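The values are calculated or read from the model by the stated rules, or taken from the named source; none is laboratory data. The structure displayed is predicted, hence computed values, not measured ones. Glycine gets a Cβ as well: all are built from the backbone with ideal geometry, and neighbour counts include every protein chain shown.
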There are 2 protein chains.
Amino acid sequence: MDIKELYAKHQKLVGKQVELIARVRNHRQGKSIGFLVLNDGTSINDVQVVYKADVAGFSKISEARVAAIVAVTGTVVLTPGKPQPFELQATKCELLAQCVEDYPLQKKEHSPEFLREIAHLRARTKTFQAIFKIRSAASFAIHQFFNSNDFLYVQTPIITENDAEGAGEAFIVTTRTDANYAEDFFGKKAALSVSGQLNAEAYAQAFKKVYTFGPTFRAENSYTSRHASEFWMIEPEVAFSDLKDNIELIEAMLKAVIRYLFENVSEELEFCDKNLEPGLIEKLEKVRDAKFVVTEYAQVIEILQTAIANGHVFEDNNVYFGLDLGTEHERYLCEVVNKAPTFVINYPKEIKAFYMKLNADQKTVAAVDLLVPGIGELVGGSQREDDYDKLIARCHEMKIDPKELGWYNDLRKFGYYKSAGFGLGFERLIMYVTGAQNIRDVIAFPRTPKNLLF
Amino acid sequence: MDIKELYAKHQKLVGKQVELIARVRNHRQGKSIGFLVLNDGTSINDVQVVYKADVAGFSKISEARVAAIVAVTGTVVLTPGKPQPFELQATKCELLAQCVEDYPLQKKEHSPEFLREIAHLRARTKTFQAIFKIRSAASFAIHQFFNSNDFLYVQTPIITENDAEGAGEAFIVTTRTDANYAEDFFGKKAALSVSGQLNAEAYAQAFKKVYTFGPTFRAENSYTSRHASEFWMIEPEVAFSDLKDNIELIEAMLKAVIRYLFENVSEELEFCDKNLEPGLIEKLEKVRDAKFVVTEYAQVIEILQTAIANGHVFEDNNVYFGLDLGTEHERYLCEVVNKAPTFVINYPKEIKAFYMKLNADQKTVAAVDLLVPGIGELVGGSQREDDYDKLIARCHEMKIDPKELGWYNDLRKFGYYKSAGFGLGFERLIMYVTGAQNIRDVIAFPRTPKNLLF
């Protein structure tokens with residue numbers, strides 16, 4: 001029986017025998033009695049097993065070290081007043097697989113840095129069990145949200161010829177050692193995708209509502225707690241939809257994910273609230289229940305300038321129309337001013353991508369960033385430029401050779417009416433909903449500069 | 001309104017006005033009357049619109065070319081006896097986005113080769129709408145199956161230091177042009193993953209039941225209809241489980257996916273049955289309802305040898321214990337002999353991977369392949385070797401340096417009791433359930449040798 005199932009049914013199983021196969025999390029041995037704390041990975045909760053000297057297999061089980069795998073048959077007994085609601089009184093114990101003596105994960109606390117070096121083992125700790133259970137649940141919540149809203153899941157390519165958007169920050173994919181790309185596997189230079197959006201737009205023109213959910217890559221030499229070289233992105237795209245529809249979609253998706261987490265991994269959220277970010281659950285409840293606010297970028301600048309005039313000091317106090325907002329500005333806006341998740345819309349065109357729709361003012365584009373209390377930007381999106389000539393002009397303004405994106409630009413020639421979408425960095429979302437402070441701790445086997453283990 | 005919704009509700013909407021935004025699939029213009037066939041990507045079914053000379057916007061709409069986007073307001077009218085159950089009689093038409101005259105996808109039939117060159121447009125055809133709708137549904141079915149069975153979804157790394165299994169067939173990931181990997185981004189040679197299994201095994205030891213679903217890569221110069229350089233794999237792994245459990249899981253998963261497809265994309269399956277593979281639905285129904293058969297590899301060899309002795313001629317008639325079965329052998333077994341999907345188990349160790357559990361006979365390993373009528377192998381899996389010393393010995397036998405996989409082998413030291421899993425090539429599954437004959441036609445933007453478009 002799984003521990004998850006045992007917790008769900010233990011009331012009905014009182015006095016009955018059950019059999020568990022699980023890993024030893026802790027073991028106190030005595031001469032005539034022993035206590036095993038077991039976990040099988042199906043639940044964040046452990047099961048305590050009491051075994052006595054007369055139990056079948058006593059001498060063997062006494063030797064079980066932390067991390068060993070054991071099989072236990074025992075009677076379910078309620079334990080009122082103790083932290084766990086029940087325990088097993090063993091009638092039979094078996095040591096199935098011993099662990100070596102120098103197991104790297106002993107009981108004491110380990111630093112996150114050390115745990116990253118044993119990423120193949122750290123998922124056995126409660127903290128990582130909670131984080132990766134939430135990550136898995138959030139993945140499913142996203143697929144379920146889009147599937148139930150009739151979105152097509154399109155797996156956009158990982159190996160790509162486009163490196164326009166992330167010029168110089170894309171990894172090269174090759175089978176050669178001489179950089180002779182004309183003779184290379186694909187007969188040309190190939191790169192790892194930095195975004196599936198361009199491909200997703202083509203599919204939105206065929207299926208109306210589509211989304212991607214896959215890995216993306218940045219060869220950026222950033223040694224921060226928020227940057228990884230490999231991370232997963234969710235990129236929905238909806239044809240015949242505009243910025244307003246896009247905003248509604250972002251809000252609906254985020255709330256659906258949070259609701260799903262509360263319904264399905266509440267114990268793991270509580271663990272994170274206790275151990276990673278006090279107040280996490282209240283923060284997420286507020287987002288789930290909030291009416292998100294929409295603020296024009298131009299207004300944001302005025303708000304920040306007024307705050308500065310009134311004595312508020314930002315690290316970067318040089319706030320002007322055209323500034324790429326810093327996290328401190330974003331957080332001030334949604335935490336102090338709006339006190340709610342905030343969509344900032346219509347950014348100056350100079351600080352946004354070439355494919356965003358130019359507004360009538362010729363100065364701003366139909367872009368949207370979702371800022372959330374605690375971290376600032378969580379989602380970025382836009383309505384796309386649907387006019388071919390304007391798109392080409394924007395390519396030139398942004399020093400992009402339109403020929404490199406011929407097929408993408410051409411979509412505008414073949415019947416293209418309003419398209420909008422956004423990108424959600426999945427790991428940033430998981431950091432937000434778990435309280436994990438470092439992106440390396442929400443990725444099973446993280447990849448960062450000079451770091452490629454496992 | 002979406003066309004999907006309109007089809008679902010059209011009976012209730014008879015005589016009522018609805019508004020559609022959709023793409024022109026076909027257009028017959030007359031002086032006083034016109035017929036538009038529209039599709040918006042939400043349904044494989046089209047909607048016919050009839051408009052007359054007195055309709056608002058007549059002159060503009062008359063100019064709408066194939067692939068243009070139009071908005072139509074019209075009255076729902078039943079059309080008994082016609083192929084479509086209803087049509088719209090337009091009261092208002094608007095041309096929202098014209099298409100250029102030389103649209104590459106005109107009405108006539110196009111070759112698959114030509115369509116691959118316009119992969120950004122081909123998804124607008126009915127064939128690709130059906131295929132990619134089924135692909136999306138199958139993706140969700142897989143996530144739903146594993147989620148509802150308490151599997152953790154783990155995203156294993158794409159960039160990896162392991163290229164042991166696919167030696168020489170892995171793409172190199174670099175930011176340099178001089179192959180100086182010590183000075184490279186990760187400080188060592190990096191490759192694109194050929195499988196997430198090794199990482200998944202580590203996570204199965206923490207969560208008991210896990211699965212991956214992500215892209216994998218092969219730098220193989222194969223120009224066949226079944227090989228792509230980039231494809232998606234599903235790799236479940238279950239701790240405390242053996243080959244028998246693994247077989248049950250494969251069968252349960254495959255049947256669950258087929259059931260989901262029948263329940264959710266039956267129209268698309270019918271389209272594929274009519275246009276891609278006559279008999280497709282019957283084939284899938286048989287798999288769904290079949291009791292899968294289990295046959296020992298050694299038995300298979302005897303069966304094939306008997307068949308040859310009785311006059312059956314295979315292309316490769318040299319059948320002996322140790323042969324890596326060809327597709328013709330696999331198909332003969334499940335189509336002619338067992339007349340059912342067939343698990344072949346316990347293969348000779350020489351033709352299987354080093355990590356598979358050595359059986360007591362010392363000759364075979366606890367491997368399983370699922371063979372299905374029509375294509376042969378669909379799934380491959382095994383129980384893993386759980387004994388550290390045996391695993392190291394197998395590494396040496398297979399000429400793999402155990403040091404390269406130190407962390408993986410070490411899992412056996414830290415409490416490792418029975419683990420089994422399998423790999424399902426997602427595109428092969430999609431070919432099987434759609435009848436598509438070429439893997440390039442079930443991948444949105446396929447990557448193959450010398451071919452990197454979009």
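Taking A:GLU427 and the conditions (1) in a loop (DSSP other than H, G, I, E, B); (2) within 10 Å of another protein chain (Cβ to nearest Cβ), which numbered condition does it fall short on, given that it satisfies the others? For A:GLU427, the failing item is (1). Of all the residues in region A:378-387, those that are surrounded by 17 or more Cβ atoms within 10 Å (Cβ to Cβ) and either modelled with pLDDT under 95 or within 11 Å of another protein chain (Cβ to nearest Cβ) (or both) number 1.
Against the numbered list (1) over 30 Å from B:ASN359 (Cβ atoms); (2) surrounded by fewer than 19 Cβ atoms within 10 Å (Cβ to Cβ), B:ASP245 comes up short only at (1).
A quick yes/no check of all residues on (1) of a type outside the set (D, E, K, R); (2) crowded, with 18+ Cβ neighbours inside 10 Å:
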| site | (1), (2) |
| --- | --- |
| B:LYS92 | no, no |
| B:ALA97 | yes, yes |
| B:ASP102 | no, no |
| B:GLU109 | no, no |
| B:LYS126 | no, no |
| B:LYS133 | no, yes |
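Of all the numbered requirements in (1) within 10 Å of chain B (Cβ to nearest Cβ); (2) buried (at least 19 other Cβ atoms within 10 Å of the Cβ); (3) not acidic (Asp, Glu), A:LYS413 misses one, and that requirement is (2). It is to be established whether one or more residues within region A:335-345 are of a type in the set (Asp, Glu), closer than 16 Å to A:PHE292 by Cα and crowded, with 17+ Cβ neighbours inside 10 Å. Checking region A:335-345: not a single residue is of a type in the set (Asp, Glu), closer than 16 Å to A:PHE292 by Cα and crowded, with 17+ Cβ neighbours inside 10 Å.
The set of residues from region A:105-163 being of a type in the set (Val, Ile, Thr) and either free of Cβ contacts under 8 Å to residues at least 24 places away in the same chain or facing another protein chain (nearest Cβ under 7 Å) (or both) comprises A:ILE118, A:THR125, A:VAL154, A:THR156, A:ILE158, A:ILE159.
In this structure, does B:LEU38 turn out to be touching a residue at least 24 places away in the same chain (Cβ under 8 Å) and not in a helix (DSSP H, G or I)?
Values: touching a residue at least 24 places away in the same chain (Cβ under 8 Å): yes; not in a helix (DSSP H, G or I): yes.
Against the criterion (touching a residue at least 24 places away in the same chain (Cβ under 8 Å) and not in a helix (DSSP H, G or I)), B:LEU38 qualifies.
Residues of region B:37-50 include at least one that is more than 34 Å from the chain's Cα centre (by Cα), modelled with pLDDT of 95 or more and either not aromatic (Phe, Trp, Tyr) or not assigned by the TED database to the domain that holds B:VAL265 (or both).
Here's the yes/no breakdown for (1) assigned to a helix (DSSP H, G or I); (2) at positive phi:
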position: B:GLU315; (1), (2): no, no
position: B:LEU323; (1), (2): no, no
position: B:LEU333; (1), (2): yes, no
position: B:LYS339; (1), (2): no, yes
position: B:HIS396; (1), (2): yes, no
position: B:TRP407; (1), (2): yes, no
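Scanning region A:43-65 finds one or more residues that are assigned to a strand (DSSP E or B), touching a residue at least 40 places away in the same chain (Cβ under 8 Å) and within 14 Å of chain B (Cβ to nearest Cβ). Scan region A:208-230 and tell me whether some residue there is among the aliphatic types (A, V, I, L, M) and more than 9 Å from chain B (Cβ to nearest Cβ). Looking for residues that are among the aliphatic types (A, V, I, L, M) and more than 9 Å from chain B (Cβ to nearest Cβ), one finds at least one in region A:208-230, hence yes. Here the condition is being over 25 Å from the mean Cα position of the chain (by Cα), touching a residue at least 12 places away in the same chain (Cβ under 8 Å) and crowded, with 19+ Cβ neighbours inside 10 Å; of B:LYS349, B:LYS363, B:LYS390, it holds for B:LYS349 alone.
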